[in-house]
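Down below is the structure, laid out as structure tokens.
The values are calculated or read from the model by the stated rules, or taken from the named source; none is laboratory data. Being a predicted model, the structure only gives us computed values, none of them experimental. Heads up, the Cβs are rebuilt from the backbone with ideal geometry, glycines too, and the neighbour counts pull from every protein chain shown.
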Amino acid sequence: MAEKGMADALLDVDSIETCYGLSQVLFGLSLSIKPGEMVSLMGRNGMGKTTTIRSIMGLTPARAGSIRFAGTEVRQLPSYRIAKLGIGLVPEGRQIFPNLTVRENLVAAAADRFNSANPWTLAAIYVLFPRLAERAANMGNQLSGGEQQMLAIGRALMTNPKLLILDEATEGLAPLIRGEIWSCLSLLKGRGQSILVVDKNVDHLARICDRHFIIERGNTVWSGTSDELMAEPDLQHKYLGI
């Protein structure tokens with residue numbers, strides 16, 4: 001079962017309840033992420049993963065419970081203030097600006113509010129994703145799906161976030177591009193970037209993440225380490241349909 005929030009957590013989501021109108025989606029969901037930790041959120045489609053992320057970001061505010069980020073209670077804050085506290089979101093469907101160039105997409109929300117020792121800059125993003133450098137003058141809607149995902153990650157990193165959240169990190173991407181995204185996430189983790197990732201590839205998640213949370217019908221039904229996850233194949237079959 002899920003652990004209760006940690007005192008030293010960067011993000012501590014405790015017993016949140018979230019609704020769309022009269023339809024309740026989250027029922028007391030909890031999860032936590034420590035600084036420098038990479039954590040996955042897993043579950044079948046429709047179990048509340050995206051709603052959890054929307055609740056953290058203030059896009060669909062939770063009606064009950066607590067969401068603390070970097071020591072601040074954010075559950076009732078508007079989403080732009082939550083983002084400014086240091087959360088970078090790579091949303092499901094990427095949602096890049098189609099009528100801006102790659103370069104304009106990257107610099108649109110660029111900031112270094114926390115005076116990072118090694119901040120993300122345009123040049124650093126181009127080193128991370130050389131393909132974006134090649135396509136710098138192309139419009140967002142001229143990119144392939146994989147390039148759009150790289151751009152969405154680059155755009156989030158340009159805010160120099162304390163926490164990077166990726167919703168469906170590799171969904172719908174070609175295998176080669178998927179591999180590039182996983183390599184990128186591994187590199188980011190090596191830099192000490194705190195990451196919350198939603199994805200369906202359990203093997204990759206188990207290799208790269210420190211801990212995992214599985215949700216079922218809007219509640220946290222299991223949490224543990226990669227070793228614990230891989231030691232319980234029945235768990236994967238029961239909650240992830242694998």
Subject >> Filter pass, G140 being free of Cβ contacts under 8 Å to residues at least 60 places away in the same chain, of a type outside the set (D, E), more than 29 Å from P35 (Cα to Cα) and surrounded by 16 or more Cβ atoms within 10 Å (Cβ to Cβ) >> reply: yes
Original post:
Within segment 125-137, how many residues turn out to be in a helix (DSSP H, G or I) and surrounded by 14 or more Cβ atoms within 10 Å (Cβ to Cβ)?
Top reply: 6
**OP:** Give segment 173-203 a look and list any residue that's of a type in the set (D, E, K, R) and closer than 18 Å to L240 by Cβ, or say none.
**Re:** R178, D199, K200, D203
Subject >> Criterion (surrounded by 14 or more Cβ atoms within 10 Å (Cβ to Cβ), polar (S, T, N, Q) and closer than 22 Å to T101 by Cβ) met by exactly one of N201, N160 >> reply: N160
**OP:** Might you let me know whether segment 209-218 holds any residue that is in a helix (DSSP H, G or I) and in contact with an Asp or Glu (Cβ under 9 Å, 6 or more places away or on another chain)?
**Re:** no
Subject >> I177 being more than 20 Å from S194 (Cβ to Cβ) and among the β-branched types (V, I, T) >> reply: yes
**OP:** Would you mind listing the strands (runs of 3 or more DSSP E) fully within segment 17-77 where at least 1 residues are more than 25 Å from Y239 (Cβ to Cβ)?
**Re:** 64-69
**OP:** Could you list all residues from segment 199-219 that are among the β-branched types (V, I, T) and modelled with pLDDT of 95 or more?
**Re:** I208, I214, I215
**OP:** Could you please tell me which pairs satisfy a Cβ distance under 6 Å, a separation of 6+ or placement on different chains, a first residue in segment 118-135 that is in contact (Cβ under 8 Å) with a residue 40 or more places away in the chain, and a second residue that is of a type in the set (S, T, N, Q)?
**Re:** P119/N160; W120/N160
**OP:** Return yes when L31 is surrounded by 21 or more Cβ atoms within 10 Å (Cβ to Cβ), at pLDDT 95 or above and either under 19 Å from D199 (Cβ atoms) or not aromatic (F, W, Y) (or both) and no when it is not.
**Re:** yes
Subject >> Yes/no for R94 being in a loop (DSSP other than H, G, I, E, B) and under 24 Å from Q149 (Cβ atoms) >> reply: yes
Original post:
Scanning segment 153-185 for residues that are part of a loop (DSSP other than H, G, I, E, B) and acidic (D, E), which turns out nearest to E92 (Cα to Cα)?
Top reply: E168
Original post:
So R81 clears everything in (1) part of a loop (DSSP other than H, G, I, E, B); (2) farther than 22 Å from Q149 by Cα except one condition, right? Which one?
Top reply: (1)
